[in-house]
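The block underneath contains the structure these notes are about, expressed in structure tokens.
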Amino acid sequence: MDARITVGCLPRLVPRCAIIAREHIVKLEGSLATFPLRELIDMVIFSSVTGVLNIYGSGTAGHLFFRDGTLYHAERGSARGMDALAELLAVDEALFSFVTDIVSAEESLWGAPDYYLPSAERAATRWREIRAYVPDLERVPRLLVAREWIERHVNPAHHPLLAAVDGRVTLRDIAARLSWAAIDVAEIAAQLSLDGVIELVTVPAEPPAPAPPAQGTGLFDRLLNPHSSAQTSSQTDPPPAEPPARSYRSVEDAVLRLLRESG
């Protein structure tokens, strides 16, 4: 599978906190099934480029930000830093895009990659083992037993987590409240779920906002509101076509050319 680079305007999947440093950007796209995330990170570091590596698939999208090849920020949903990096490294099937000259105002990773990348990979291995029981930390735990029973039968090390369970807060909220690593909370939640102490439920989605009333488009309506036809026409204009993509032999060839083309 060839890597693709697209030169053009900023794509929609870049997060709100990012800004464009130049009028035109260079974009590399592909699949993690072909190019594992750790290899992509190493290639960007080696190439000393600035930009964002977006990971998007069936779950929550994630973003890794680089400055001159230094990985300084990771985010996935509300997760930041090592937690976000570990969650992304645990993803095996997803698409990616690397977009040059995109920066973030946030910074959540410090030090040498040789320090934090192995730690994140170990956490990612733990994530893969429990993913079937805890798909993500946005689940809400609910007690299935009485609190008196918990005091007598549950490991005391798990009591702080259970004390924070109220049927409304998510696992990620609990991790932040206790200042525990996300993977530690996920592993405990998986064990408590298997033991029948808690159940994990999804947060109900907020109902969509009501649609505005439809505007008439007949001759009488246009005579009453002559500006409506012009507004309707502008709203239905098709978006501009994306610029053509160029194919490269490999991701190494593509990323190395990113450096030269964005310089």
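The values are calculated or read from the model by the stated rules, or taken from the named source; none is laboratory data. Here the structure is a predicted model, which means the values were calculated and not measured. For neighbour counting, all protein chains shown are included, and Cβ atoms are generated from backbone atoms with ideal geometry for every residue, glycine included.
Just checking, does the stretch 14-28 include any residue being part of a strand (DSSP E or B), at pLDDT 50 or above and among the β-branched types (V, I, T)? Checked against the condition, which is being part of a strand (DSSP E or B), at pLDDT 50 or above and among the β-branched types (V, I, T), the stretch 14-28 yields at least one hit. For the stretch 81-90, give me each residue that is touching a helix residue (DSSP H, G or I) at 6+ places or on another chain (Cβ under 7 Å) and either crowded, with 21+ Cβ neighbours inside 10 Å or not in a helix (DSSP H, G or I) (or both). Those that are touching a helix residue (DSSP H, G or I) at 6+ places or on another chain (Cβ under 7 Å) and either crowded, with 21+ Cβ neighbours inside 10 Å or not in a helix (DSSP H, G or I) (or both): D83, L85, A86, E87, L88, L89, A90. Suppose we keep only residues that are more than 19 Å from the chain's Cα centre (by Cα) and touching a residue at least 12 places away in the same chain (Cβ under 8 Å) within the stretch 23-45. Which one would you say is nearest to S108 (Cα to Cα)? In this case the residue turns out to be I45.
Which of the following residues is loosely packed, with under 15 Cβ neighbours inside 10 Å, on the phi < 0 side of the Ramachandran plot, hydroxyl-bearing (S, T, Y) and in contact (Cβ under 8 Å) with a residue 60 or more places away in the chain: S78, S48, S97? Let's see the steps before the verdict.
Details: S48 fails: on the phi < 0 side of the Ramachandran plot; S97 fails: loosely packed, with under 15 Cβ neighbours inside 10 Å.
Answer to the check: S78.
Taking residues in the stretch 127-156 that are assigned by TED's automatic domain parsing to the domain that holds A190 and free of Cβ contacts under 8 Å to residues at least 12 places away in the same chain, and partners anywhere that are surrounded by 17 or more Cβ atoms within 10 Å (Cβ to Cβ) and in a loop (DSSP other than H, G, I, E, B), the pairs with Cβ atoms closer than 9 Å and at least 6 places apart or on different chains are W149/V197; H153/V197. When A124 is evaluated against the numbered criteria (1) more than 15 Å from I45 (Cβ to Cβ); (2) touching a strand residue (DSSP E or B) at 6+ places or on another chain (Cβ under 9 Å); (3) surrounded by 12 or more Cβ atoms within 10 Å (Cβ to Cβ), which criterion, by number, is the only one it fails? (2) is the only condition that A124 fails.
Does P118 fit the bill of being not small (G, A, S) and not assigned by TED's automatic domain parsing to the domain that holds T70? Criteria not met by P118.
When F66 is tested against the conditions (1) surrounded by 19 or more Cβ atoms within 10 Å (Cβ to Cβ); (2) of a type in the set (A, V, I, L, M, F, W, C); (3) part of a helix (DSSP H, G or I), the lone failure is (3). Residues in the stretch 113-154 that are in contact with an Asp or Glu (Cβ under 7 Å, 6 or more places away or on another chain) and either over 18 Å from D166 (Cα atoms) or in a helix (DSSP H, G or I) (or both): R126, W127, I130.
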